[in-house]
1. Go through the range 348-371 residue by residue and tally those that are free of Cβ contacts under 8 Å to residues at least 40 places away in the same chain and under 23 Å from residue 7 (Cβ atoms).
2. Mind checking which strands (runs of 3 or more DSSP E) fall wholly inside the range 311-420 and carry at least 2 residues that are within 16 Å of the ligand (Cβ to nearest atom)?
3. Which residue is farthest from the ligand (Cβ to nearest atom), if the candidates are limited to the range 134-158 and must be in contact (Cβ under 8 Å) with a residue 40 or more places away in the chain, surrounded by 13 or more Cβ atoms within 10 Å (Cβ to Cβ) and more than 27 Å from the chain's Cα centre (by Cα)?
4. Looking at 260, 299, which is the one that is within 16 Å of the ligand (Cβ to nearest atom), surrounded by fewer than 17 Cβ atoms within 10 Å (Cβ to Cβ) and modelled with pLDDT of 95 or more?
5. Taking the condition assigned to a strand (DSSP E or B) and either at pLDDT below 95 or within 21 Å of residue 163 (Cβ to Cβ) (or both), does residue 211 pass?
6. In this structure, is residue 127 closer than 28 Å to residue 256 by Cβ, within 16 Å of the ligand (Cβ to nearest atom), at pLDDT 95 or above and outside any loop (DSSP other than H, G, I, E, B)?
7. Could you list, in sequence order, the residues of the range 163-194 that are surrounded by fewer than 22 Cβ atoms within 10 Å (Cβ to Cβ), out of contact with any helix residue (DSSP H, G or I) (no Cβ under 6 Å at 6 or more places or on another chain) and not in a strand (DSSP E or B)?
Ligand code: UD1
């Protein structure tokens with residue numbers, strides 16, 4: 001199995017190019033199911049999750065040509081509506097095929113994704129939305145079986161809780177439904193906006209993009225013809241490199257990034273004493289040798305993202321006072337705490353709140369990645385820990401970070417991928 005060996009204590013310098021957003025690319029790949037013509041996707045990140053979803057599209061009968069950052073997908077050949085356990089169990093986001101398959105073919109079977117390391121992560125809100133649009137849903141043998149033989153009907157869907165995946169599934173379903181769908185309490189993430197833009201560019205009438213109420217006029221099962229889509233920059237990857245500069249007190253430049261999408265992270269790092277220069281799609285961050293403590297609560301966009309919580313916790317270990325981080329979205333997203341403590345951090349947990357006390361120095365050790373973003377927090381800590389840190393189980397990292405060790409090495413970090 002691969003692991004990363006990091007020798008801490010090196011400053012970073014230079015520029016790093018940010019890849020396309022995994023969390024935007026996934027719903028966009030799923031949305032291609034709404035078309036029976038070729039769709040070209042560009043600026044895809046070269047990560048395992050993207051390959052997993054493209055494999056699923058292939059298993060459903062779609063034709064996929066993929067090379068690193070570009071995919072040409074033609075779902076005119078799609079001849080199956082069953083998303084099997086083998087794929088869905090590898091990646092929860094496979095549930096995103098539910099809405100488009102049901103909308104286009106009037107039926108589908110999708111394996112239940114189950115829980116994951118960061119919490120239970122139910123899909124009840126996705127299913128309720130499909131039911132509101134007239135689908136019959138049955139759960140049997142570990143699969144969700146959904147049917148709407150005469151197509152989905154537009155409806156008013158009020159989400160009890162803001163859900164990114166639930167909003168995406170509903171948007172895609174609504175695009176081919178009969179009549180108008182209104183989503184109330186919709187998610188507002190940039191990834192949702194890009195999906196709405198893709199659907200609008202294909203002629204679907206959408207009002208309220210980027211707001212909490214989205215109104216979609218469906219095409220009545222008429223497949224869509226999509227224009228080429230260029231995936232937006234990955235705001236979580238960008239935030240992770242900002243944290244890499246902050247924790248090592250370095251100056252680096254991020255290229256191809258959307259500063260608006262990472263305002264929450266920039267704001268917190270400014271409060272911690274870092275400074276920024278923003279020039280179009282380039283952001284330069286200057287670190288500081290006296291990081292102030294941070295206080296943050298994870299919440300929905302445009303608030304502070306849960307996907308940046310672990311990385312900020314790593315940075316907070318180097319602050320000059322006690323930091324407090326509250327996780328509000330996922331009940332078990334603190335698995336990195338004990339691993340960071342293995343590196344010498346002093347973090348205390350009570351329920352969903354972590355207190356991070358200052359320590360003079362982290363020390364290298366063997367640590368284990370537990371989920372995608374937790375893994376990157378351990379890498380960040382390794383960059384400043386004295387001696388060698390080996391981060392194991394990095395298959396989590398490979399799911400969502402495009403060439404992390406290559407990009408960090410190019411910035412001057414001592415990091416290498418080894419096999420054991
Ligand atoms: C997406 C992101 C993930 C990010 C998360 C929150 C992708 C592929 N993944 O995940 O990186 O951490 O948003 O920003 O884009 N919930 C329910 N019932 C449901 C659906 C969700 O109770 O049917 C709950 C979840 O357990 C969680 C909260 O709602 O507590 C938010 O989850 P959601 O926004 O749906 O996250 P994902 O779309 O799975």
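1. Going through the range 348-371 one residue at a time, the tally reaches 8.
2. Per the criteria, 323-326.
3. Checked the range 134-158; the qualifying residue farthest from the ligand (Cβ to nearest atom) is 151.
4. Just a single option satisfies the conditions, and that option is 299.
5. Criteria not met by residue 211.
6. The answer is no for residue 127.
7. Result: 164, 179, 185, 188, 193.
The values are calculated or read from the model by the stated rules, or taken from the named source; none is laboratory data. Just so you know, these numbers come straight off a predicted model, no measurement behind them. Every residue, glycine among them, receives a Cβ derived from its backbone with ideal geometry; neighbour counts consider all protein chains shown.
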